[in-house]
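Everything below concerns the one structure shown next.
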Amino acid sequence: MAGRLGLCVRHSQKLLTNFRHLQASSRDILQSPTFHPHLQRTLCTTKADVQDDVKTKCVRLEERSLVQVAGSDTIPFLQGLVTNDVTCLNFENRVMYTMMLNVQGRVLYDLLMYNLQRTPDSPPYLLLECDHSVVPALIKLLKMYKIRKKVDVSSVTDEYTVWALLPGTTDPPAFVSDSGISVTDPRLPTLGNRVVLKIGTNLVFDCVEGTPEDYHTHRYKLGVGEGVNDLPPGNSLPLESNIAYLNGGADSQVPPHRCHQEETDACHSREAVESGGGVGINQ
């Protein structure tokens, strides 16, 4: 019995000695200058901790064209024709989203208006971006209301190109120059940047080329209708077209509706938009 007890004591002492050697070795490793504690954290890094560098996508919008409106009477001329307050489009505020309505108060065209005015004292020089297919009709309508106004209306489709810069990790630059303009989309900042460039001018920005499908998918996810396919001329009311959600109207500019049914439809559309329950894009 005594022999077995002595054997157990010697065995325990040996284990204790090995454990102390192991502790000493561990301390030496931790105190070594070649040991980097952050390497252990790297092993535990999750995907959420990694910030991928997402490139901005640049998409040429072939289905969008431009109409030039210039002259000393440009602002008062357009003020009576569109849903937004054109007097807010100035040297500091370079872009505006708006709509043109028919006499029944229904949407004819959705427009993005760019102010390319060179100096605060120079005459207004605006570019109206619209669906490519409605350029002749838009010019005809503007000229019909032009009566005795000092305004020049013409197509500049062959002079400029329209681009969308879909958001990435780095914000694209905003600029106004002789070659064009780059601004945050006035409808929703999450749409990215809108760029208008003279033909022959290259985009000077670190981006990758996207497709029209990339752009359309992005704006559909945000509930943004655009062009005659989404907003057939004369078919929908401004509120049904998300005019309030997209910053496209001033209260003083949107005309009253002509009948009770249209008021009811507009109220239901407003409730849906403000509650985030849906968007009023016509399929």
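At a Förster radius of 22 Å, what calculated FRET efficiency corresponds to the Cβ-Cβ distance of residue 171 and residue 208, to the nearest 0.05?
Approximately 0.90, to the nearest 0.05.
Could you give the length gained by full extension between residue 102 and residue 122, i.e. 0.36 nm per residue of separation minus their alpha carbon distance, to one decimal place?
Length gained, residue 102 through residue 122: 4.0 nm.
Only Lys, Arg, Asp and Glu count, each charged at its Cβ (+1, +1, -1, -1), so figure out the dipole size of the range 46-137 about its Cα centre, rounded to 20 debye.
Once rounded to the nearest 20, the dipole reads 120 debye.
Using a 1.4 Å probe, what is the accessible area per residue for the range 112-154, in Å²?
56
Determine, for each peptide in 108-116, 144-152, 186-194, 120-128, the mean count of other beta carbons within 10 angstrom over its residues, then list the peptides with the highest first.
108-116, 186-194, 120-128, 144-152
Give me the net charge for the shell around residue 181: Cβ to Cβ below 9 angstrom, other residues only, Lys and Arg +1, Asp and Glu -1.
+2
By how many nm would the segment from residue 133 to residue 156 lengthen if fully extended, with 0.36 nm per residue of separation less the alpha-carbon distance?
6.9 nm
Between residue 63 and residue 90, what length comes free when the chain is fully extended (0.36 nm per residue of separation minus the Cα-Cα distance, one decimal in nm)?
Using 0.36 nm per residue and subtracting the Cα-Cα distance, I get 7.0 nm.
Give me the accessible area of residue 231, 1.4 Å probe, in Å² rounded to the nearest 10.
So the heavy atoms of residue 231 present about 10 Å² to solvent.
Take residue 217 and residue 144, extend 7 Å from each Cα along the Cα→Cβ direction, and tell me the distance between the two endpoints in nm.
4.0
Name the residues of the range 130-159 whose amide N is less than 18 Å from a point 7 angstrom out from the Cα of residue 178 along the C-beta direction?
Answer for this model: 159.
Taking all protein chains as present, what is the carbon and sulfur share of the accessible area of the range 108-217, in % to the nearest whole number, probe 1.4 Å?
55
For the range 195-249, with every protein chain kept in place, what is the accessible area per residue (1.4 Å probe, Å²)?
Roughly 47 Å² per residue, with all protein chains present.
The values are calculated or read from the model by the stated rules, or taken from the named source; none is laboratory data. Values in this document were obtained by computation on a predicted structure and should not be read as measured data. Note that we place each Cβ from the backbone using ideal geometry, even for glycine, and neighbour counts take in every protein chain shown. Areas reflect the complete protein model, heavy atoms only, side chains present, ligands, DNA and RNA absent. Shrake-Rupley method; radii C 1.70, N 1.55, O 1.52, S 1.80 Å.
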